[in-house]
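The values are calculated or read from the model by the stated rules, or taken from the named source; none is laboratory data. What you are looking at is a predicted structure, and each value in this text was computed from that prediction instead of being measured. With ideal geometry, Cβ positions are generated from the backbone for all residues, glycine too; neighbour counts draw on all protein chains shown.
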Amino acid sequence: MKKLSKLAENLKPSATVAITTKAKEMRSKGIDIIAFSIGEPDFDTPDYIKAAAKKAIDEGFTKYTPASGVKELRDAVCKKFERDNNLKFSPDEIIATSGAKQAISLVLQVMCEAGDEVVIPSPYWVSYPEQVKLTGAKPVIVPASEKDGFKLSVDALAAAVTERTKLIILNSPSNPTGVVYDKSELEAIAEIVLSKGIFVISDEIYEKIVYGVEHVSIASLGKDIKERTIIVNGVSKTYAMTGWRVGYAAGDREIISAMIKLQSQLTSHPDSIAQMAALAAIEGPQDEVTAMRVEFEKRRDYIVDRVRKIGALSCVKPEGAFYVFPGISSIFGKTIAGRVINSSMDFAELLLDEAKVAVVPGAAFGADANIRISYAASLDKIKEGMDRIEQLQIKN
């Protein structure tokens with residue numbers, strides 16, 4: 001009898017976690033690695049948030065909470081949506097989860113099953129296709145080209161939707177490209193969603209990390225599209241709280257109710273102490289959020305300039321998140337430091353082994369002609385890492 005199910009055998013590990021793990025292993029051996037692979041802010045969690053967690057511990061807030069999350073947190077999320085996105089939700093249309101990743105998984109599990117299809121624009125966050133597969137549904141990948149700024153073509157979206165399509169997953173600002181969809185682009189997508197009668201998962205985890213543009217939630221465009229959108233967000237990126245694992249989702253009451261029931265059977269609820277920290281983050285002063293965004297923008301401008309100076313690499317300037325997604329196709333077939341480069345994995349391994357710089361191969365995001373560089377590192381580290389990459393003499 002087989003030990004593992006087909007699902008387990010076919011499940012792919014997270015490439016971002018894998019490359020970060022390898023880099024950490026090299027560091028443990030005393031090798032100086034510059035990590036451009038990490039998808040988390042390098043800033044510390046603000047002190048007022050940590051103080052709220054300590055207070056929760058001291059007051060004994062260490063017991064079970066409702067499966068949906070504590071009402072105070074859900075109330076705060078409702079106020080956040082009204083304040084930041086001009087959206088009104090009631091607390092029973094909100095669920096707090098163990099990270100935004102779990103929120104996406106819960107949405108997919110309660111809405112999708114074998115025979116359904118989920119449209120995913122590519123480049124995509126690594127976990128989207130695998131989470132869709134876990135439900136028995138089929139991920140339908142729709143490429144968005146670098147020449148189009150990695151933005152999904154409305155015609156391509158319309159062509160990808162079939163009678164089996166249940167959802168589209170939209171990520172703006174995007175991981176890995178930093179793409180931010182403007183209002184008119186979202187209106188065009190919403191028109192197709194409504195005409196085809198499908199739903200949207202709008203992953204807005206990077207909404208506060210935008211540069212010179214406005215974040216617009218597709219759900220804010222009108223009553224009809226709001227009813228067909230499940231917004232996923234969390235505190236991880238905005239407040240440098242990746243390890244706290246608190247996300248949330250907002251949407252149709254029936255869908256949220258099903259997610260709460262499922263969560264009650266899987267993890268019971270998010271961590272009680274972390275929920276109090278998340279509450280403080282959302283309700284508290286936002287000065288440090290602004291300061292982090294300003295610093296990220298400085299880093300973005302610097303790293304885009306450095307990447308573009310390497311003539312063999314192309315680089316779309318991101319409008320959000322903290323990643324650049326350089327194109328590397330012009331070096332395919334070339335030999336660098338004695339290695340022939342035919343894929344993003346070849347190039348990522350070259351950078352790690354020869355330059356001691358960790359990046360994530362674009363293949364993990366459905367774009368093998370690119371790599372992802374995170375600038376969630378100090379300017380000094382970014383400068384040193386780019387110096388090392390330049391020393392490899394990468395040429396067309």
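Scanning the stretch 1-16 for residues that are of a type in the set (S, T, N, Q) and in a helix (DSSP H, G or I), we see that the one that is surrounded by the most Cβ atoms within 10 Å (Cβ to Cβ) is Thr16.
Looking at Met276, Met292, Met241, just one residue is more than 30 Å from Gln393 (Cα to Cα), crowded, with 21+ Cβ neighbours inside 10 Å and outside the structural domain of Ala158 (by TED's automatic domain parsing), and that residue is Met292. Restricted to the stretch 281-311, and to residues there that are out of contact with any Phe, Trp or Tyr (no Cβ under 6 Å at 6 or more places or on another chain) and small (Gly, Ala, Ser), the residue that is farthest from Lys79 (Cα to Cα) is Gly311.
Just for the stretch 121-137: of the residues that are free of Cβ contacts under 8 Å to residues at least 60 places away in the same chain and either of a type in the set (Val, Ile, Thr) or surrounded by 19 or more Cβ atoms within 10 Å (Cβ to Cβ) (or both), which one is farthest from Asp368 (Cα to Cα)? Quick ask: steps written out before the conclusion?
Taking the stretch 121-137 as the starting set, the residues that turn out to be free of Cβ contacts under 8 Å to residues at least 60 places away in the same chain are 121, 128, 131-132, 135-137.
Those still in the list that are either of a type in the set (Val, Ile, Thr) or surrounded by 19 or more Cβ atoms within 10 Å (Cβ to Cβ) (or both) too: 121, 128, 131-132, 135, 137.
Numbers: Pro121: 15, Tyr128: 17, Gln131: 20, Val132: 21, Thr135: 26, Ala137: 24 Å.
Filtering first and then ranking leaves Thr135.
Is at least one residue of the stretch 17-28 part of a helix (DSSP H, G or I) and either in the same structural domain as Tyr206 (by TED's automatic domain parsing) or in contact with a strand residue (DSSP E or B) (Cβ under 6 Å, 6 or more places away or on another chain) (or both)? Yes, the stretch 17-28 contains a residue that is part of a helix (DSSP H, G or I) and either in the same structural domain as Tyr206 (by TED's automatic domain parsing) or in contact with a strand residue (DSSP E or B) (Cβ under 6 Å, 6 or more places away or on another chain) (or both).
Answer yes or no as to whether Glu40 is in a helix (DSSP H, G or I), over 30 Å from Ala114 (Cβ atoms) and not assigned by TED's automatic domain parsing to the domain that holds Trp244. No: the conditions fail for Glu40.
Would you pick out the residues in the stretch 244-259 that are surrounded by fewer than 21 Cβ atoms within 10 Å (Cβ to Cβ) and in contact (Cβ under 8 Å) with a residue 60 or more places away in the chain?
Looking only at the stretch 244-259, we keep the residues that are surrounded by fewer than 21 Cβ atoms within 10 Å (Cβ to Cβ), and these are 245, 252-255, 257-258.
Matches in the stretch 244-259: Arg245, Asp252, Arg253, Ile255, Ser257, Ala258.
Return yes when Ser28 is under 20 Å from Ala103 (Cβ atoms) and more than 22 Å from the chain's Cα centre (by Cα) and no when it is not. No: the conditions fail for Ser28.
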